[in-house]
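The values are calculated or read from the model by the stated rules, or taken from the named source; none is laboratory data. Because the structure is a prediction, the values reported are computed rather than measured. Don't worry about glycine lacking a Cβ; one is built from the backbone with ideal geometry, like all the others, and counts go over all protein chains shown. Side chains included, ligands, DNA and RNA excluded: accessible areas come from the protein's heavy atoms. Shrake-Rupley method; radii C 1.70, N 1.55, O 1.52, S 1.80 Å.
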Amino acid sequence: MIMTHMTLPAQVKDLLRTYLAAEPLALSAAPVGGGCLNQAVRLTCEQGTFFAKWHAARRPGQFACEAQALRLLAQRVRAPQPLGWSDTEEARGPFSCLLLEWVEPGPPGDPAQVGEALARLHSPGAETRFGFPCEGYCGATPQPNRWDTDWVRFFGEQRLGSQLRLAADNGLATDALAAGERLRANLARYLDNSEPPALIHGELWQGNLLHNRQGQPVFVD
């Protein structure tokens, strides 16, 4: 029996079946917050409770990269476990979905726990280069992450440079582009190139920080 409070795409049901290796029993789906780019639900069935989000946009590899990022975050802080993802190009168009463990929300605990978690996350570890193993997204915008040993060069090329190229493609005024290029040329005056690489969340704001039932901070998205 399947009970939904909303229309659940077949691809999401298929992903849950794949993870469970069985038919989800008495499945229900209730909408929850999933940001401005995705639809999201709380999936409840006899086998457990899960979080799923999806979109029908052409953003290849987005959820595969997010799953990899969550696994890395979980080595330092609490983050939901990715259980599966799907990225398909069908006759009806693209469709991507991501299945995560459900984090039952609770009241915030000691605020110091958030600071301690961020300190663990940002502490230099085994990282020797700047970048990431896969190309990511800033919202819906592709964000290059090619490895580089020089922080100023990485930021200038793969953050500012990539954004300036997109801006130029979308008609940003020439004087604004020139100002951006001047900033790129002088980045070494403003950025400290002596800091070692460290893992960061990349889009940390209040909406991407949850607290579980024990009041412990959990980093998402």
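Annotation: peptides 174-186, 52-64, 35-47, ranked by per-residue average of other Cβ atoms within 10 Å with the highest first, follow the order 52-64, 35-47, 174-186.
Under the rule a/c < 1.5 gives rounded, and otherwise a/b versus b/c splits prolate from oblate, where does the range 88-157 land using the Cα gyration tensor? Because a/c hits 1.5 or more and a/b fails to exceed b/c, the range 88-157 counts as oblate. If R0 is 30 Å, the Cβ-Cβ spacing of ARG189 and GLN75 corresponds to a FRET efficiency of close to 0.30. Approximating the spin labels as points 7 Å out from Cα along Cα→Cβ, the LEU160-to-ASP14 distance works out to 4.5 nm. For the chain, adding -39500 (n - 2.57) for each run of n ≥ 4 DSSP H residues and dividing by the number of residues yields -8000 deg cm²/dmol at 222 nm. The accessible surface of the chain, taken with every protein chain in place and a 1.4 Å probe, is 54 percent carbon and sulfur.
Per residue, the solvent-accessible area of the range 84-221 (1.4 Å probe, heavy atoms of protein chains only, all protein chains present) comes to 61 Å². Computed over the range 108-221, the quotient of the alpha carbon radius of gyration and 2.2 N^0.38 Å is 1.29.
If one puts a single equal scatterer on every Cα of the chain and applies the Debye formula without solvent, what log₁₀ I(q)/I(0) results at q = 0.07, 0.09, 0.16 Å⁻¹? So the normalised log intensities work out to -0.28, -0.46, -1.19. With the simple spin-label model, which puts each label point 7 Å out from Cα in the Cβ direction, the GLU127 to ARG146 separation comes to 2.0 nm.
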